[in-house]
2 protein chains.
Amino acid sequence: MNSLEATARAQEPQSPDVTELILQDILAGRLPPGTWLKQIDLERRYNCTRPEVRRALDRLVQKRLVEHVPNRGYHVHEQDGRRAQEVSDIRVILEVAVSDRIIANASAADIANLRVFALRFDDLVLNGTMLELYEANLVFHRHLLALAGNQELVELITEIRQRTSSAPVSQWRTRARIEQSGREHQQMVDAIERRDVGHLMELTRRHILQA
Amino acid sequence: MNSLEATARAQEPQSPDVTELILQDILAGRLPPGTWLKQIDLERRYNCTRPEVRRALDRLVQKRLVEHVPNRGYHVHEQDGRRAQEVSDIRVILEVAVSDRIIANASAADIANLRVFALRFDDLVLNGTMLELYEANLVFHRHLLALAGNQELVELITEIRQRTSSAPVSQWRTRARIEQSGREHQQMVDAIERRDVGHLMELTRRHILQA
DNA sequence: GGTAATCAAATTGGCGCCAATTTATGATCC
DNA sequence: GGATCATAAATTGGCGCCAATTTGATTACC
């Protein structure tokens, strides 16, 4: 009956940040869209106090990951197809637009770094959890974007990615698709090394839209 | 000594939302960058309770408008030149990129609407406060962007605009610059009516960068 | 037997108190 | 006379209690 209790983990001595913990669980799919987040359950699950839970819930509402119904409670935001589409749309515009800057700024060391992150993703396809994979993917894209020389852009895209993908696990449906993503990462780094702006733009566009 | 007490307003019977009130005061320049936001002062100023103040402060920290120093307090975020530059940069990329969609979707009624909002801005240049002007400008740009058919994009740009401009008043330094902005609004609507994508893109770019 | 109203259990959410930390003040010592 | 240390005031921030609202169940009624 109570899905929260069922997934309860071993009590950790000190909680780093409750907001982050709940966020991780939503992203990992352990708290599926629609789940009601009762304060008492969260209190016990993360071994924290009532005000901490409330602050975390309020922050997640601000992030649009959780919905609040007055006097009813908080529940994980339902996946919105339109919104996901629109966010992808925004990502394509931004990331394609800065392709030339990425290529202009990328040093040999930067390219080597990107290869490391791309390889790490490929490695986790075989030996890793979905959440690890998701985060490795995020790291690769963050470092790629950082080369554009606009820190705000990196933060912004990181934010809107979380905003929609309530259960990022469901994004990559098949293993074939995941492996394809890994190959595309490699191809993007290749394009950067060849200083081929046009190809990087096209790769980026396809990579985001089919994710 | 206490700038908050000095600006204290008449007590309103019921506070709609404290977060919004503080936000307005920061945007209006009544709480300049660097100001320390003591909880007791805010409590009295907005005639609300301690937890309400704390929730509002936490939300404003999430919005990056207020900075939090543990065990020291909260203060209005200092204007960051680099960040403002980066946000303008992002705006240019996005708004220029959707110029074609705006023109494709704009009906005669939409164009008439935009003219109304542009005229309202011009009117407030003469008979209006800085805050009213700021909001009229926001309304024009929101409706313009809405024509691109991407609701998330509208919300996103509204968010990042607030995020940087701690004191939007200081954005338009001279009256000449404000009047120029008004003329540019008109020119943008003209370009839409003429279905001149290239011109709208160039106007948009210049309008944002010199703001 | 089904439906509606009433009552009890549970949950949300507002509010204030008190401890911990920091800052300002004043006294003492060099 | 200036600097340093100790003390007191002020501010932050954690925590729990209790009222208001809602949900679910039991009972009475049609």
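The values are calculated or read from the model by the stated rules, or taken from the named source; none is laboratory data. All of these numbers come straight from a predicted model, not from anything done at the bench. All Cβ positions, glycine included, derive from the backbone under ideal geometry; neighbour counts span all protein chains shown.
The residue of region B:15-68 that is farthest from residue B:129 (Cα to Cα), among those that are in a loop (DSSP other than H, G, I, E, B) and touching a Pro at 6+ places or on another chain (Cβ under 9 Å), is B:47. The residues of region B:53-96 that are within 12 Å of chain A (Cβ to nearest Cβ) and over 20 Å from residue A:155 (Cα atoms), listed by number, are B:54, B:55, B:56, B:57, B:96. Pairs are defined by a Cβ separation below 9 Å, a sequence spacing of at least 6 or placement on different chains, a first member in region B:8-35 that is of a type in the set (S, T, N, Q), and a second member that is in a helix (DSSP H, G or I) and at pLDDT below 85; the pairs so defined are B:24/B:131; B:35/B:3; B:35/B:4.
In the set (1) within 16 Å of DNA strand C (Cβ to nearest atom); (2) outside any loop (DSSP other than H, G, I, E, B); (3) loosely packed, with under 14 Cβ neighbours inside 10 Å, the condition left unmet by residue A:71 is number (2). The set of residues in region A:62-80 being in contact with a strand residue (DSSP E or B) (Cβ under 9 Å, 6 or more places away or on another chain) and within 9 Å of DNA strand D (Cβ to nearest atom) consists of A:69, A:72, A:73. Any chance region A:29-45 includes a residue that's surrounded by 16 or more Cβ atoms within 10 Å (Cβ to Cβ), within 13 Å of chain B (Cβ to nearest Cβ) and out of contact with any Cys (no Cβ under 6 Å at 6 or more places or on another chain)? Within region A:29-45, not a single residue is surrounded by 16 or more Cβ atoms within 10 Å (Cβ to Cβ), within 13 Å of chain B (Cβ to nearest Cβ) and out of contact with any Cys (no Cβ under 6 Å at 6 or more places or on another chain).
Yes/no matrix, rows are residues, columns are (1) at pLDDT below 95; (2) in a helix (DSSP H, G or I); (3) crowded, with 16+ Cβ neighbours inside 10 Å; (4) not aromatic (Phe, Trp, Tyr):
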position: A:111; (1), (2), (3), (4): no, yes, no, yes
position: A:169; (1), (2), (3), (4): yes, yes, yes, yes
position: A:195; (1), (2), (3), (4): no, no, no, yes
position: A:204; (1), (2), (3), (4): no, yes, yes, yes
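Taken across region A:38-52, residues that are within 16 Å of DNA strand D (Cβ to nearest atom), outside the structural domain of residue A:184 (by TED's automatic domain parsing) and in contact with a Gly (Cβ under 7 Å, 6 or more places away or on another chain) do occur, with at least one present.
Restricting region A:32-49 to residues that are away from DNA strand C (no atom under 14 Å from the Cβ) and more than 20 Å from residue A:17 (Cα to Cα), the residue that is farthest from the chain's Cα centre (by Cα) is A:34.
Among the criteria (1) within 19 Å of the chain's Cα centre (by Cα); (2) surrounded by fewer than 19 Cβ atoms within 10 Å (Cβ to Cβ); (3) without any contact (Cβ under 8 Å) to a residue 12 or more places away in the chain; (4) farther than 22 Å from residue B:192 by Cβ, the one residue B:86 does not fulfil is (2).
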